[in-house]
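Okay, so here's the structure we're looking at.
Please treat every number below as a calculation from the coordinates, not as lab data. Quick caveat, the model's predicted, so the values are computed rather than measured. Note: ideal-geometry Cβ built from the backbone for every residue, glycine included; neighbour counts use all protein chains shown.
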Amino acid sequence: MAGGRFTRPALLQKREGRRVVCLTCERRCSLVEGGTGWCRTRRNIGGVLHTLIYGAVSSVSANPIEKKPLYHFHPGTAALTAGSWGCNFGCPWCQNWEISKAPPPAWGPFTSPAAFVEEACRLGCQGTSISFNEPTLSLEWSLEVFRLARARGLYNTFVTNGYMTPEALRLLVEAGLDGMNVDVKGEPEAVRRRCKGIDVERVWKTCRLAREIGVHLEVTTLGVPGINDQERSLQAIVARIVRELGSDAPWHVSAYFPAYRFFARPTPLATLERAREIGRRAGLRYIYLGNVPGHPSAHTLCPNCGMLLIERWGLAVIQNRLRDGCCPECGSGIAGVWGRAGMPRHGTSRRRVG
């Protein structure tokens, strides 16, 4: 096998003369023979694009689904979560830089999709998640994981920057992708400059397409001081969510901490609370503050009558009062994908509301 034990032919590619173009992410790198993509996980080997990280798992853990964060998707369940190496963004504040900024290994332990799904079932997880670094780069491995997981009655999720091509997203959905959390980082100029040439409009395009084809979607914004914490930036993000994804789309505003090559002070709580107020004024119904343990914004309230529906402490669900996805007090439907009480261990019982 050319290139190492984690090397496989990539699924999405096209030839352009002597070059091969990667169609996995929206960078669409055009590579000469021996050339490696911007993310360092794709290489032109003999005129064929190859992934260099199939089965290369850097991190694996069974996490509450709330850690993704996904708050309106089977609350209280657990997803076996895997990450690999590399990223297609260049954010200097990356919170997982140890793996996202590292080149993929040529050798080391190999994790097959079947072994990963088997481990999820052995641990009693209700789903899978591809996360930690950018999961789009693990497209080929993720597709097989999702097919096997769905056959075992597990749900499948992605925690992503959203910079995948429509072709990649459709493959993921066909294989069994159920839910996504997409990181929307800020206004176009700040994202282009700080994240190394990224066009944020393509992230919004992914979000719209995911909603259109039935993927449960939640949005996260890491509040980075001096980058996207200004009133104007927050208002712009909120306006796009409401206009393009709807007022029922959950928005998570998370605190940043100094990491990698960015050393601004941690995000003040006041900034997160201001973002929450901006979102409320714009009409967003579900806004959560992340990396702030014990904050009351962790709870899900009925937007109609204000009843406490899902009570959380940190990543733990203390109680869930929803009844078939509805408020027991006023009967309002709460947007999300909800497992019924008594959901089986590898449950397929799902109710989508909204």
Hydrodynamic radius by Kirkwood for the stretch 106-176, inverse mean 1/r across distinct Cα pairs, in Å, is 12.5 Å
Taking all pairs of distinct Cα atoms, average 1/r, flip it, and tell me the Kirkwood hydrodynamic radius of the stretch 72-112 in Å to one decimal place.
-> 12.9 Å
Potential extension, residue 329-residue 5 segment - 0.36 nm per residue separation minus Cα distance | 111.0 nm
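How large is Rg over Rh for the chain, taking Rg from the Cα atoms and Rh as the Kirkwood inverse mean of 1/r across Cα pairs? Working shown, then result.
Numbers: Rg = 19.9 Å, Rh = 20.7 Å.
With Rh from the inverse mean 1/r over Cα pairs, Rg/Rh is 0.96.
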Roughly how tilted is helix 113-122, in degrees to the nearest 10 and between 0 and 90, from the longest Cα axis of the chain?
-> 30 degrees
With bins of 10 Å, the percent of all Cα-Cα pairs of the stretch 1-150 per bin from 0 is 12, 39, 34, 14, 3, 0
Dipole magnitude of the chain about its Cα centre, charges +1 at Lys/Arg Cβ and -1 at Asp/Glu Cβ only, in debye to the nearest 20?
-> 460 debye
Can you put 164, 180 in order, fewest other beta carbons within 10 Å first?
-> 180, 164
log10 I(q)/I(0), Debye, Cα-only the stretch 160-311, no solvent, q = 0.09 Å⁻¹?
-> -0.29
What shape does the stretch 8-51 have by the C-alpha gyration tensor, where a ≥ b ≥ c are the square roots of the eigenvalues, rounded means a/c under 1.5, and otherwise prolate means a/b greater than b/c and oblate the rest?
-> rounded
The answer for residue 288, listing residues at least 5 apart or on another chain whose modeled amide H is closer than 5 Å to its amide H, is 251, 252, 253
Computed over the Cα atoms of the stretch 221-276, the Rg and Dmax in Å are 12.0, 35
Vicinal HN-Hα couplings computed from phi for the stretch 80-86 (Karplus, 6.51 cos²θ - 1.76 cosθ + 1.60; Hz; Gly/Pro x) = 6, 10, 10, x, 10, 10, x
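Counting other C-beta atoms within 10 Å, which of 267, 157 has the fewest, and how do the rest follow?
In order of increasing Cβ crowding within 10 Å: 267, 157.
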Just the Kirkwood number for the stretch 165-248, please: inverse of mean 1/r across all distinct Cα pairs, in Å, one decimal.
-> 13.5 Å
Here the relative contact order (percent) of the chain, from C-alpha pairs under 8 Å and at least 6 apart, is 14 percent
Quick one: angle between helix 231-240 and the longest Cα principal axis of the chain, in degrees between 0 and 90, rounded to 10, please.
-> 80 degrees
